[in-house]
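The values are calculated or read from the model by the stated rules, or taken from the named source; none is laboratory data. Please read all numbers here as calculations on a predicted model, not as lab measurements. Because the Cβ atoms are built from the backbone with ideal geometry, glycine has one as well, and the counts that use them run over all protein chains shown. Side chains included, ligands, DNA and RNA excluded: accessible areas come from the protein's heavy atoms. Shrake-Rupley method; radii C 1.70, N 1.55, O 1.52, S 1.80 Å.
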Amino acid sequence: MAAPARRTIELFYDVISPYSWIGFETLCRYRNKWNIDLKFRPFFLGGVMNATDNTPPGMNQAKMVYMLEDLKRMRNYHQIPISPISNPLETMITKGSLRAQRFLTAVQLKQGDDDVENVSRQLWLRLWSKDQDIYEPESLVEVAKKAGFSEEKAKELVTMIQDKEVKDILKNRTETAIEYGAFGAPCIVTEIDGKKQMFFGSDRFHLIAHMIGEKYEGPLLEYSKL
């Protein structure tokens with residue numbers, strides 16, 4: 001039987017979303033098993049939510065209670081150190097993720113995908129594992145240093161979040177995700193039978209595998225980078 005054709009999988013994600021972290025780590029692990037090229041597409045979840053009249057789980061008590069329990073199950077299954085944040089409304093709504101996502105865009109523009117992978121992971125670890133700030137510029141500098149950058153380089157990258165080019169790239173990428181049908185995060189896009197198809201969430205990998213001729217084998221803990 002012929003091997004599945006090589007495919008590009010685009011991951012649209014925002015570090016404010018813990019489910020994006022699960023999708024991110026899962027796809028990073030499956031690069032070792034599936035015949036895929038994984039493309040990171042940091043976008044702005046707040047813009048997606050506004051454009052689609054969606055509301056975050058934190059604005060609905062029942063959804064929030066469910067999400068907290070669900071994330072415990074996901075943490076144990078995927079072995080991703082997700083922990084509740086102490087002030088979700090302030091962190092997710094008041095402060096939001098626009099600065100962090102522009103920072104990731106700047107890293108990708110200046111440094112490339114390997115570094116954006118490392119910085120993304122450090123942002124999630126800081127926010128969703130250590131319950132620390134990712135809003136203030138000083139926090140972003142610390143994230144970059146954790147990812148291996150010098151302090152000078154880290155400050156240069158943080159300064160770039162004000163650049164028009166960075167802002168435009170993030171805006172355009174967010175609009176592209178909306179055109180694909182995104183209404184939340186993560187949003188996973190690949191081409192099947194000549195047509196782009198979008199999968200929402202971090203629990204559709206068995207379906208993606210089926211549709212691209214691959215096999216889903218669980219969380220693949222042996223390939224974890226955590």
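Any residue that is part of a strand (DSSP E or B), closer than 22 Å to GLN108 by Cβ and open to solvent by less than 60 Å² (accessible area, probe 1.4 Å) - is there at least one of those in the stretch 42-54?
For the stretch 42-54, residues part of a strand (DSSP E or B), closer than 22 Å to GLN108 by Cβ and open to solvent by less than 60 Å² (accessible area, probe 1.4 Å): present.
Each row is one residue, and each column tells you yes or no for (1) of a type in the set (Ser, Thr, Tyr); (2) out of contact with any strand residue (DSSP E or B) (no Cβ under 9 Å at 6 or more places or on another chain).
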| position | (1), (2) |
| --- | --- |
| TRP21 | no, no |
| GLU25 | no, yes |
| LYS39 | no, no |
| PRO57 | no, yes |
| TYR77 | yes, yes |
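Give the residues of the stretch 25-38 that are open to solvent by 50 Å² or more (accessible area, probe 1.4 Å) and within 23 Å of GLN79 (Cα to Cα), sorted by residue number.
ARG31, ASN32, LYS33 - these are the residues of the stretch 25-38 that are open to solvent by 50 Å² or more (accessible area, probe 1.4 Å) and within 23 Å of GLN79 (Cα to Cα).
Look through ARG99, ARG121 and report the one residue that is among the basic types (Lys, Arg), modelled with pLDDT of 95 or more and within 15 Å of PHE44 (Cα to Cα).
ARG99
Residues ASP163, ASP114: which one is open to solvent by 60 Å² or more (accessible area, probe 1.4 Å) and more than 23 Å from LEU226 (Cβ to Cβ)?
ASP163
Are any residues in the stretch 129-150 over 18 Å from PRO88 (Cβ atoms) and either among the basic types (Lys, Arg) or in contact with a helix residue (DSSP H, G or I) (Cβ under 6 Å, 6 or more places away or on another chain) (or both), and if so, which ones?
Scanning the stretch 129-150 gives PRO137, LEU140, VAL141, VAL143, ALA144, LYS145, LYS146, ALA147.
Residues ASP131, ASP70: which one is on the phi > 0 side of the Ramachandran plot, open to solvent by less than 70 Å² (accessible area, probe 1.4 Å) and modelled with pLDDT of 95 or more?
Exactly one residue qualifies, and that residue is ASP131.
It is to be established whether one or more residues within the stretch 178-186 are surrounded by 15 or more Cβ atoms within 10 Å (Cβ to Cβ) and under 16 Å from LEU38 (Cα atoms).
Yes: the stretch 178-186 contains one or more residues that are surrounded by 15 or more Cβ atoms within 10 Å (Cβ to Cβ) and under 16 Å from LEU38 (Cα atoms).
If you check TYR223 against the conditions, is it of a type outside the set (Gly, Ala, Ser), over 25 Å from GLY46 (Cβ atoms) and modelled with pLDDT of 95 or more?
When the stated conditions are applied, TYR223 passes them.
So which residues in the stretch 1-29 are hydroxyl-bearing (Ser, Thr, Tyr) and either in contact with an Asp or Glu (Cβ under 8 Å, 6 or more places away or on another chain) or assigned to a strand (DSSP E or B) (or both)?
THR8, TYR13, SER20
For the stretch 24-41, check the following and say yes or no: at least one residue is modelled with pLDDT of 95 or more, aromatic (Phe, Trp, Tyr) and over 13 Å from the mean Cα position of the chain (by Cα).
Yes: one or more hits.
Are there any pairs with C-beta distances below 7 angstrom linking a residue in the stretch 21-48 that is within 19 Å of PHE200 (Cβ to Cβ) to a residue that is among the aromatic types (Phe, Trp, Tyr) and in a loop (DSSP other than H, G, I, E, B), with the two at least 6 apart or on different chains, and if so which?
Between residues of the stretch 21-48 that are within 19 Å of PHE200 (Cβ to Cβ) and residues that are among the aromatic types (Phe, Trp, Tyr) and in a loop (DSSP other than H, G, I, E, B), the close pairs are VAL48/PHE183.
Looking only at residues in the stretch 171-210 that are farther than 21 Å from SER120 by Cα and among the aliphatic types (A, V, I, L, M), which one is modelled with the lowest pLDDT?
Restricting to residues being farther than 21 Å from SER120 by Cα and among the aliphatic types (A, V, I, L, M), the top hit is ILE192.
What number of residues in the stretch 194-223 are within 20 Å of the chain's Cα centre (by Cα), of a type outside the set (D, E, K, R) and not in a loop (DSSP other than H, G, I, E, B)?
Adding up the residues that qualify gives 11.
I'm told THR91 meets every condition in (1) open to solvent by less than 40 Å² (accessible area, probe 1.4 Å); (2) closer than 24 Å to LYS225 by Cα; (3) not in a loop (DSSP other than H, G, I, E, B) except one. Can you identify the failing condition by its number?
The number of the failed condition is (2).
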